[in-house]
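Engineer: Sending over a structure as structure tokens; questions will come in a sec.
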Amino acid sequence: MVTTPNFDGLAVGDELPTKVVQVRRGDLVNYAGVAADRNPIHWHDGVAAAAGFDTVIAHGMLTMAYAGAYLSSWTNDPSAVREYDVRFVSPVFVPIDTAAEIEFSGKIKSLDPQTRTGVITLTALSNEKKIFGKALATVQFA
């Protein structure tokens, strides 16, 4: 039986454990195929440079999916996430020869005892640069 964290054991300000995800060029190509997003800015350095980037960038929705997976691993139940909203301020740059790293963290922003839900703020950093300007998720707790 899958159980989400117990609402009664949570407090505003509690921090979720940090997780680092590695993203490689192959991940971008795989995601492009699955998502039918074949924009070459995600796999061709020349196109990325023409757009003003130093190297290719990860798909925003892929980055958002990694953050959703991070949150779901903490809740132990992907269906516990009731709402999820992300605004980006920077892309994730993926070098040709190494993996990009995205560090995810989260904090409980608010708790509603009547509905046993909470709002979680999510943070994503890559190369010490903030990726999300605002990222909030509403979670249903046990």
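Engineer: Taking the Cβ of Q140 as the centre, find all other residues whose Cβ is under 13 Å away and add up their charges (Lys, Arg: +1; Asp, Glu: -1).
Structural biologist: Around Q140, the charge tally is -1.
Engineer: Another question about this same structure. How high is the FRET efficiency from A11 to E103, r the C-beta distance, R0 25 Å, rounded to 0.05?
Structural biologist: After rounding, the FRET efficiency stands at 0.60.
Engineer: Next question, about the same structure. Run the paramagnetic zone check for T18: 7 angstrom along Cα to Cβ, then residues of segment 117-138 with backbone nitrogen under 13 Å.
Structural biologist: Zone members listed by number: 123-129.
Engineer: Follow-up question, since we're still on this one. If a paramagnetic tag sat 7 Å from the Cα of S110 along the Cα-Cβ line, which residues of segment 6-32 would have the backbone N under 16 Å from that point?
Structural biologist: Within reach of a label on S110, which here means backbone N under 16 Å from a point 7 Å along Cα→Cβ, segment 6-32 contributes 11-14.
Engineer: Roughly speaking, what is the stretch gain from F53 to T121, that is 0.36 nm per residue apart minus the C-alpha to C-alpha distance, in nm to one decimal?
Structural biologist: 21.7 nm
FYI, it's all coordinate maths here, none of it is from the lab. The structure presented is a predicted model; accordingly, all values stated were derived computationally and were not measured. Neighbour counts run over all protein chains shown; Cβ positions are idealised from the backbone, glycine included.
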